[in-house]
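The values are calculated or read from the model by the stated rules, or taken from the named source; none is laboratory data. All figures in this text were calculated on a predicted structure; none of them were measured in a lab. Every residue, glycine as well, gets a Cβ built from its backbone with ideal geometry; the counts of neighbours run over all protein chains shown. Accessible surface areas use protein heavy atoms only, side chains included; no ligands, DNA or RNA. Shrake-Rupley method; radii C 1.70, N 1.55, O 1.52, S 1.80 Å.
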Amino acid sequence: ETDSSEEQFAERKVGKKKKKGGGGGSKTTVKLVESKRDQNVKIALNALKMPPERILSALTGMHSDVLPLDSVQRLKGVFPSAEELKMVYAYKGDVSLLGTTEKLFRTLGSVHGLQTRLEIFQFMLEFPAQKKSLLANLEDSYT
């Protein structure tokens, strides 16, 4: 009997990619995240059109000009779970061989409390519209 979580998070090596420079060698990309989850994260990352380091910088600085509300919501939807973070940090091989999603998870996981910060950032971005709506409802109730 095999443990399903072990199978789900087992290290998989996928696809050979040639090294830049045409040296004739090849490297294998290491995939740790389940393929459907990996695809969803890549779709979200492509929509953001910025590298993980810039995403991290915008999140830690809460820069709404770089990460508007829809981007923050998209990031919240693909934020790594505790299990996924544990898995990518447990990987002891060459980090440069990790796939895009795994590298993103390592980047996001490098800042303690980033998920909480992401939720606060979302609240900050939603607050003006919520305030306006509440004030309009109050005005309507007094007239």
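Which pairs do you get when a residue that is more than 15 Å from Thr116 (Cβ to Cβ), found in the range 66-95, comes within reach of a residue that is open to solvent by 40 Å² or more (accessible area, probe 1.4 Å) and in a helix (DSSP H, G or I), reach meaning Cβ atoms under 6 angstrom, with the pair 6+ apart or on two chains?
Sorted first by the residue in the range 66-95, then by its partner, the pairs are Leu69/Leu125; Val88/Arg106.
Restricting to the range 59-69, and then to whatever is closer than 13 Å to Gln122 by Cβ and part of a helix (DSSP H, G or I), can you tell me which residue is least open to solvent (accessible area, probe 1.4 Å)?
Only one residue fits best here, namely Leu59.
What are the residues in the range 57-111 that are within 14 Å of Asn40 (Cα to Cα) and acidic (Asp, Glu), if any?
Glu102
Looking at Val72, Val88, Val111, which is the one that is in contact with a helix residue (DSSP H, G or I) (Cβ under 7 Å, 6 or more places away or on another chain) and not in a helix (DSSP H, G or I)?
The conditions single out Val111.
Residue by residue through the range 25-47, note down the ones that are touching a residue at least 60 places away in the same chain (Cβ under 8 Å) and part of a helix (DSSP H, G or I).
Arg37, Asp38, Val41
Show the residue pairs meeting these rules: Cβ distance below 8 Å; 6+ apart or different chains; first residue within the range 123-140 and part of a helix (DSSP H, G or I); second residue among the small types (Gly, Ala, Ser).
Qualifying pairs under 8 Å: Met124/Ser64; Leu125/Ser64.
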